[in-house]
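Below is one structure, written out as structure tokens; the observations come after it.
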Amino acid sequence: MSSPSNASLTPFQKARDMRVAVVRTLWNSHITEALLAGALDVFKSTLDHDMVDVFEVPGAVELTYAASKLIDSGLYDAIVVLGCVIRGGTPHFDYVCQSVTQGITHLNSECDIPTIFGVLTVDTEQDALDRAGGSLGNKGAEAAQTALLMYDFDQKVGSM
């Protein structure tokens, strides 16, 4: 439970000492750059610049490997993965989406550090643009907010 002195602080205010790794894919980089910018904007308003490290991997399937290595490093309180998979004319979309979803789900169930899923799985490039700072907001920013909230959750559970 929170102490009375921390009761009025929001999760964002309590996360000042949080250390985060953000991993983004280079595939569909024009989309993942926008997701990253949204995430970094959220973190800038809450964390010191040196508390966020950014890494890049080729594609969505590699996100699970990168997140696993970053968790194993013991340096981070949360990992945010950002990617974009756009449906094409082959089943490849389904395999990639299934792989990354199951991989990140596995990390969340087996590890003590939250891995936040910020991977767009969309039908069209326009769908992605709408979710990467367009008409439907920025899912990268939402992933960063989720990381902050999960850090707060961990702090509360850890103090029980």
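The values are calculated or read from the model by the stated rules, or taken from the named source; none is laboratory data. Treat the numbers as computed from the prediction; the structure is a model and nothing was measured. Cβ: placed from backbone, ideal geometry, glycine included. Neighbour counts: every protein chain shown. These area figures cover heavy atoms from the full protein model, side chains too; ligands, DNA and RNA do not enter into them. Shrake-Rupley method; radii C 1.70, N 1.55, O 1.52, S 1.80 Å.
Observations
- For region 120-156, a residue qualifies if it is crowded, with 18+ Cβ neighbours inside 10 Å and aliphatic (A, V, I, L, M), and the qualifying residues are 120, 122, 128, 129, 132, 141, 143, 144, 147, 148, 150.
- Evaluated against (1) more than 20 Å from residue 98 (Cα to Cα); (2) hydrophobic (A, V, I, L, M, F, W, C); (3) open to solvent by 80 Å² or more (accessible area, probe 1.4 Å), residue 117 falls short on exactly one condition, (1).
- Residue satisfying condition, being among the hydrophobic types (A, V, I, L, M, F, W, C) and either free of Cβ contacts under 8 Å to residues at least 40 places away in the same chain or under 16 Å from residue 143 (Cα atoms) (or both), within set 63, 75: 63
- Exclusive hit being free of Cβ contacts under 8 Å to residues at least 12 places away in the same chain and not acidic (Asp, Glu), set 100, 157: 157
- Qualifying residue in region 92-113 (condition: in contact with a strand residue (DSSP E or B) (Cβ under 6 Å, 6 or more places away or on another chain), in a strand (DSSP E or B) and at pLDDT 95 or above): no
- Check on residue 86, touching a strand residue (DSSP E or B) at 6+ places or on another chain (Cβ under 8 Å), crowded, with 20+ Cβ neighbours inside 10 Å, at pLDDT 95 or above and closer than 23 Å to residue 38 by Cα: no
- With respect to the conditions (1) outside any helix (DSSP H, G or I); (2) within 10 Å of residue 121 (Cβ to Cβ), residue 80 falls short on a single one, namely (2).
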